[in-house]
Structures are given as C-alpha cells and as structure tokens.
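The values are calculated or read from the model by the stated rules, or taken from the named source; none is laboratory data. Everything numeric here is computed off the predicted structure, so don't read it as measured data. Neighbour counts are summed over all protein chains in view; Cβ atoms, including those assigned to glycine, are modelled from backbone coordinates with ideal geometry. For the accessible areas, the whole protein counts, side chains as well, though only heavy atoms, and no ligand, DNA or RNA atoms are used. Shrake-Rupley method; radii C 1.70, N 1.55, O 1.52, S 1.80 Å.
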Amino acid sequence: MNSDEEARRRRGRIFVLAYPFALLGICIVLNVFVFRIQPPEIALPDENTVMALVAAAVLLLINHTWLMTTTELTRGRFGMYATPEEWRASGRKREDTVREGWDELERRHNAHRNTTENTIYFVFVASVFAIVSPPVSAVLVWIVGFAVARLGYTYSYLAGKDGLRGLFMSLSLLCLFGIASGLVLGFLA
C-alpha cells in the first residue's frame, strides 16, 4: 500500500472516530441554546408531544411498508424466494438467480436492518423523552425529524445515492443523539 492510500485510510479512521462526537456536540449546543432543555417534569405527554409521536409512528410504518414491499417486488422481479421451502416448491435453484438480483435484495435487506436497528433505539429514547415534558420545539425537531430522516435514508439507499444516504443517516443519528442528550442534560440541570 502506498503512502497516499495509507494517509487516506488514516483520515477515514479519524473521521469515523470523530463523527459521533461531532454530532453529539451539535446536539448539545442545540439542546442548551436553542431548545433550552430544562430539568425534567415527569408527566403524561401533552397533546403536541402525542401528535409528534403519532406522526413519527405513521411515518415509520410507511417506511417499513415501503421496505417490505420493495423487498418482495425485488424477489418477484428476479424470481427469488425467502425460504428453502419456497425455493424447492418453485423448482428454481438459488444459483440460477443473476448477481444483480442478489445485489438488489441485499440492498433492501441492509436498508431494512439499518432502519430496524435505529428504530429500536428511537422508540426507547423517544418514549422516555415524551414523559419528561420536553419543549415542543425539541419534540418536533428530534422526534418527527427522526422519522422524516428515515424516509430520506430509505429513498437514498434504494436509489443508490450514497452521498444523500449519508446525509439522511447523519440526520437520523442527530435526532437520536438530540433526544438522548436532551434527557441527560435535563437530568443534569
């Protein structure tokens, strides 16, 4: 490996290591200076928070349906099946499927896995955030922003737009970190 390649890899490692800390720093600044996170007041969520949670839930369900549907359409387009039993019943063999089919199915599986992983954390932190009486502006940005960013992530992943996918992944992480840091800041205040 030449020195230019090694320097590029080193810069890449530094970026990967610094990336979550940079996002967290942005979230802390926004939570302190824009949203003015206060000590928590445990209570049932207000109407605006519930509406934001409902909007996010509906958007995330749309996103899931989109991923599920495009996965099945890809299987159908390339004559692929989900289980060994379906393959046997079809009379087709896995090795008969063209490489493009496997690549497209993998793309959809990866998008679905990433979305599921992020949504698990979102549901947990958003549920706690909703009961600590957060500012409505923070609720709208962090909770609804996460769901919108996930839709953008799905679109860009399925369309093969890597730069846009990275942007939407960063925005969804920013929202997750925003909720989590808002909780921590509130309890430290």
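Structure values in brief
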| read-out | value |
| --- | --- |
| With DNA, RNA and ligands ignored, accessible area of Y19 (1.4 Å probe; Å², nearest 10) | 60 |
| Extension reserve of the H109-F33 stretch, reckoned as 0.36 nm per residue once the Cα distance is removed | 23.5 nm |
| Length added when fully stretched, I26-V123, from 0.36 nm per residue minus Cα-Cα | 32.8 nm |
| Accessible carbon and sulfur surface of the chain relative to its total accessible area, %, 1.4 Å | 66 |
| Rounded to the nearest 10 Å², the accessible area of L61 at probe 1.4 Å | 110 |
| Sum of side-chain charges, G160 neighbourhood, beta-carbon under 13 Å (Lys, Arg +1; Asp, Glu -1) | -1 |
| Sum of side-chain charges, T116 neighbourhood, beta-carbon under 13 Å (Lys, Arg +1; Asp, Glu -1) | +2 |
| For the chain, calculated [θ]222 nm from helices alone, where every DSSP H run of n ≥ 4 adds -39500 (n - 2.57) | -26500 deg cm²/dmol |
| Point-charge dipole on Cβ atoms (K/R +1, D/E -1) for the stretch 60-119, about Cα centre, debye to 20 | 80 |
| Listed candidates (1) 1.98; (2) 0.96; (3) 1.27 - label of the one calculated as Cα Rg over 2.2 N^0.38 Å | (3) |
| Sequence ranges 84-92, 46-54, 124-132, 138-146, ranked by mean other-Cβ count within 10 angstrom, highest first | 138-146, 124-132, 46-54, 84-92 |
| P(r), alpha carbons of the stretch 146-189 - 10 Å bins starting at zero, rounded % | 32, 38, 19, 10, 1 |
| Those residues of the stretch 105-125 whose amide nitrogen sits under 15 Å from the label point placed on E85, 7 Å along Cα→Cβ | none |
| Shape of the stretch 1-90, Cα gyration tensor, a/c cut at 1.5 | oblate |
